[in-house]
Amino acid sequence: MNTPRIALVTGANQGLGRALVEGLAARMGADDLVLLTGRSEQRVTDAAREVAQLPATRAQVRGRVLDVTDADAIGRLADELQGQYGGVDVVISNAVARLLPDESQAERADEVIDVSNTATHAVLRSFGPVLRPGGRLLVVASSLGTLGHLDPRVGRLFDGASLDQVEYAVESWRTAVHNRTAQEAGWPRWLNIPSKVAQVAAVRALAAERRERDIATDTLIASVCPGMVDTATSRPWFSDFSDAQSPSDAARAVLDVVFAEHVDPVLYGELIRFGKAVDWHSGAPLTEQDRLIKP
């Protein structure tokens, strides 16, 4: 008898997160469980019910309230799943703070950092130890999450860094934003860039610690870039959406990584975009974009 698989997606009420839950529920088995998580109890309940009623759904789908800015809550959920099921098989960290171009980046910095970075660190630290052999732990990031998008003065903080060092760099960035010294130090005005770089760096840090044993057990820890997705979060930032994917289409490439029969060692610990690793040192500072962002 096969052990039921347990999957969890954060930020799953709508958009890409919900599409990931729908895809997992369609491609997993009847005995498997997919946890759809988010902060709003009503939205979580409604979304889980709707996904469970889709004709393609095969797995069990349950809603679970989870505020990813609460690291203790993330830890408690990981412990609960470890105690009840013996661990988890798929974790996709997808939560993101919605930010508009005309909003002050400095005023929203804490929320963006807490949702995208502090939460990522908590997911990695809490769910890494309970990920079962053969499991998948993925963090949804962006192709902006490469070192070349940062000024070398701050980019060096993330290159080859441990998870502790990534966390320290993120808090240093937060402090610089509050002290209004961020740009002087080399941090870009657009929060999305250092936030995504830090997410990818955090994944690389944990993966570096576990690589040998994870490769041996066909276990994958990686960050993923789904490409441009037409969602309420991304639409305000781009004028041309002709090449944008629907959430369902974008989820498909991520789920192909989840359900790959074997882990490609080339992809382990890397930022994966459409099945290929993105060069960690690639990219260039988006100086023109940064000038258009409200401080």
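Could you check how many residues of the range 26-49 are over 21 Å from Ala71 (Cβ atoms) and either among the β-branched types (Val, Ile, Thr) or surrounded by fewer than 24 Cβ atoms within 10 Å (Cβ to Cβ) (or both)?
Total satisfying the criteria: 14.
For the range 182-214, name all the residues that are surrounded by fewer than 19 Cβ atoms within 10 Å (Cβ to Cβ), closer than 25 Å to Phe127 by Cβ and without any contact (Cβ under 8 Å) to a residue 60 or more places away in the chain.
If the condition is that a residue be surrounded by fewer than 19 Cβ atoms within 10 Å (Cβ to Cβ), closer than 25 Å to Phe127 by Cβ and without any contact (Cβ under 8 Å) to a residue 60 or more places away in the chain, then Glu209, Arg211, Glu212, Arg213 are the ones that fit.
Hey, which of the helices (runs of 4 or more DSSP H) in the range 192-295, taking only ones fully inside, have at least 2 residues that are at pLDDT 95 or above?
In the range 192-295, the matching helices (runs of 4 or more DSSP H) lie at 192-216, 247-258.
Which of the residues spanning the range 81-106 are in contact with a Phe, Trp or Tyr (Cβ under 8 Å, 6 or more places away or on another chain) and either at pLDDT below 95 or under 17 Å from Val197 (Cα atoms) (or both)?
Pro101, Gln105
Within the range 1-25, track down each residue that is part of a loop (DSSP other than H, G, I, E, B), hydrophobic (A, V, I, L, M, F, W, C) and either surrounded by fewer than 17 Cβ atoms within 10 Å (Cβ to Cβ) or without any contact (Cβ under 8 Å) to a residue 60 or more places away in the chain (or both).
Met1
Could you check, for the range 107-128, whether at least one of its residues is out of contact with any Ser or Thr (no Cβ under 6 Å at 6 or more places or on another chain), under 29 Å from Asn192 (Cβ atoms) and not in a helix (DSSP H, G or I)?
Within the range 107-128, one or more residues are out of contact with any Ser or Thr (no Cβ under 6 Å at 6 or more places or on another chain), under 29 Å from Asn192 (Cβ atoms) and not in a helix (DSSP H, G or I).
Quick check, is Arg58 out of contact with any Pro (no Cβ under 9 Å at 6 or more places or on another chain), assigned to a loop (DSSP other than H, G, I, E, B) and over 23 Å from Thr120 (Cα atoms)?
yes
Six or more apart or on different chains, Cβ under 9 Å: which pairs go from a residue in the range 247-267 that's under 18 Å from Gly17 (Cβ atoms) to one that's among the basic types (Lys, Arg) and not in a helix (DSSP H, G or I)? Could you list them?
Sorted first by the residue in the range 247-267, then by its partner, the pairs are Ala253/Arg273; Val257/Arg136; Val258/Arg136; Phe259/Arg136.
Confirm whether Gln105 is polar (S, T, N, Q), closer than 19 Å to Leu8 by Cβ and touching a residue at least 24 places away in the same chain (Cβ under 8 Å).
Here the answer is no, as Gln105 does not meet what is asked.
Among residues belonging to the range 138-176 that are basic (Lys, Arg) and assigned to a helix (DSSP H, G or I), point out the one that is surrounded by the fewest Cβ atoms within 10 Å (Cβ to Cβ).
Arg153
Please tell me if Gly155 is in contact with a helix residue (DSSP H, G or I) (Cβ under 6 Å, 6 or more places away or on another chain), farther than 29 Å from Gly87 by Cβ and not aliphatic (A, V, I, L, M).
yes
The values are calculated or read from the model by the stated rules, or taken from the named source; none is laboratory data. Everything numeric in this text was worked out from a predicted model, so none of it was measured. Neighbour counts are summed over all protein chains in view; Cβ atoms, including those assigned to glycine, are modelled from backbone coordinates with ideal geometry.
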